[in-house]
């Protein structure tokens, strides 16, 4: 897995602060969902298979992720995380410190993951519940894998494709995937899932270096998050030891409610 250097993280009393520059002013506008039923386009079924072939074949993903944006009414998200996820539902997420122990380490499986903070606070819960407490969206490791590798949704889109001008769309009322043409090939442009719009403004080779998540109107908590990925490695070896963590003797229990209150969802 990649290594990370200086970071900035604004969650609560156990996190450290350092500088992070985010070049948001040059970013293209966020994806706007098209309206209406669209025009039936059954000839584009193969386009969806082509556009998602690489990400559907992803079994492991590791990268350094820079997160910036807002979660909740007042919470600010600003962090760098070294992350690894697998299609088998395993996760490791580490917020490194400039020196000494990491500020946060999260490791385990979808049904049972352990989070340990720098000051030996310990939380054991489902991985998706821990992720939701931190940034306001419940994502399992397999859902994170699909999101980070450019599929948007963890399941292939259902239903007949339709066209919205230069865009193609397929899916159900709960989940839709949108494609746009990139030269001679189709790419995933965005996905609508769990009340969020997942936006891929560009690709570098097969994988998106930037992923943007924006909550749809009425969703609570509101979310506007940009993920800049570097040192991306897909289907590389991730040892089993990466997904285990030593729980410190005498560690103090931490609850999901405390984690949520001391993070951006709590305005910290």
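The values are calculated or read from the model by the stated rules, or taken from the named source; none is laboratory data. Just so we're clear, the structure is a prediction, and the values are computed from it rather than from any experiment. Using ideal geometry, Cβ is built from the backbone for each residue, glycine included, and neighbour counts are taken over all protein chains shown.
Structure notes:
- Those residues of the stretch 183-196 which are farther than 21 Å from residue 53 by Cα and in a strand (DSSP E or B), in sequence order: 196
- Counting only residues that are in a loop (DSSP other than H, G, I, E, B) and either under 30 Å from residue 261 (Cβ atoms) or out of contact with any helix residue (DSSP H, G or I) (no Cβ under 7 Å at 6 or more places or on another chain) (or both), the stretch 45-73 holds 5 of them.
- Conditions (1) free of Cβ contacts under 8 Å to residues at least 60 places away in the same chain; (2) part of a loop (DSSP other than H, G, I, E, B); (3) in contact with a helix residue (DSSP H, G or I) (Cβ under 9 Å, 6 or more places away or on another chain); number of the one not met by residue 131: (2)
- Restricting the stretch 142-176 to residues that are part of a loop (DSSP other than H, G, I, E, B) and touching a residue at least 60 places away in the same chain (Cβ under 8 Å), the residue that is surrounded by the fewest Cβ atoms within 10 Å (Cβ to Cβ): 165
- Selection within the stretch 240-268 - assigned to a loop (DSSP other than H, G, I, E, B), surrounded by fewer than 18 Cβ atoms within 10 Å (Cβ to Cβ) and out of contact with any strand residue (DSSP E or B) (no Cβ under 9 Å at 6 or more places or on another chain): 249, 250
- Here the condition is being part of a loop (DSSP other than H, G, I, E, B) and closer than 30 Å to residue 175 by Cβ; of 237, 217, it holds for 217 alone.
- Selected residue (only one of 31, 48 is surrounded by 14 or more Cβ atoms within 10 Å (Cβ to Cβ), over 19 Å from the mean Cα position of the chain (by Cα) and closer than 22 Å to residue 206 by Cβ): 48
- Restricted to the stretch 79-113, and to residues there that are outside any strand (DSSP E or B) and modelled with pLDDT of 90 or more, the residue that is nearest to residue 146 (Cα to Cα) is 87.
- Set 80, 114, 74: member being crowded, with 22+ Cβ neighbours inside 10 Å and either over 13 Å from residue 130 (Cβ atoms) or touching a residue at least 40 places away in the same chain (Cβ under 8 Å) (or both): 80
- Applying the criterion of being at pLDDT 95 or above and in contact with a strand residue (DSSP E or B) (Cβ under 7 Å, 6 or more places away or on another chain) to the residues of the stretch 127-149, the residue that is nearest to residue 108 (Cα to Cα) is 127.
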